[in-house]
Amino acid sequence: QVQLVESGGGLVQPGESLRLACSASGNVESINTWAWFRQVPGQQRELVAWITKNGYHQSVKGRFTVSRDDAENTLYLRMPNLNPDDTSMYYCKVETSNGAYWGQGTQVTVSS
């Protein structure tokens, strides 16, 4: 099993930046893909960015950058120039040979 803990969310003003972190523990060697999703109440969870075990990465949201620190078993999401539409709960997800695991989420609120 893998345990995931997200952090780094908060209340920011439009134009500001945040960096989210997702710390993994447990059987991290089994992780094949790491990803960030976000979800607004009443809407479907949407993919934000992902990175594979081999380092291939892609961001659906062009402003955001995903990265990973293998030494710390931590996934990051850098989010510059935030706007109110980015307000959401952000979740970390990993896919392993034994299934998928989700974190509990971290709230990002962009408001003036």
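The values are calculated or read from the model by the stated rules, or taken from the named source; none is laboratory data. Small disclaimer: the values here were computed from a predicted structure and weren't measured. Because the Cβ atoms are built from the backbone with ideal geometry, glycine has one as well, and the counts that use them run over all protein chains shown. Side chains included, ligands, DNA and RNA excluded: accessible areas come from the protein's heavy atoms. Shrake-Rupley method; radii C 1.70, N 1.55, O 1.52, S 1.80 Å.
The residues of segment 102-112 that are more than 17 Å from SER25 (Cα to Cα) and surrounded by fewer than 16 Cβ atoms within 10 Å (Cβ to Cβ), listed by number, are GLN107, THR109, SER111, SER112.
One residue stands out in segment 86-101 among those that are loosely packed, with under 15 Cβ neighbours inside 10 Å and in contact with a strand residue (DSSP E or B) (Cβ under 8 Å, 6 or more places away or on another chain): the one that is farthest from PHE37 (Cα to Cα), namely SER97. Contact map, segment 27-44: first residue at pLDDT 95 or above, second residue open to solvent by less than 20 Å² (accessible area, probe 1.4 Å) and aromatic (Phe, Trp, Tyr), Cβ cut-off under 8 Å, separation 6 or more or different chains; pairs are TRP36/PHE64; TRP36/TYR90; PHE37/TYR90; ARG38/TYR90.
Identify, please: which residue in segment 48-58 is open to solvent by 90 Å² or more (accessible area, probe 1.4 Å) and not in a strand (DSSP E or B) and is, among those, nearest to GLU16 (Cα to Cα)? Only one residue tops the list, namely TYR56. Only residues that are within 12 Å of the chain's Cα centre (by Cα) and in a helix (DSSP H, G or I) were counted in segment 3-35, giving 0.
Looking only at segment 36-46, which residues are assigned to a strand (DSSP E or B) and open to solvent by less than 60 Å² (accessible area, probe 1.4 Å)? Walk me through how you get there before you give the answer.
If we filter segment 36-46 for residues that are assigned to a strand (DSSP E or B), which is where we start, we get 36-39, 46.
Matches in segment 36-46: TRP36, PHE37, ARG38, GLN39.
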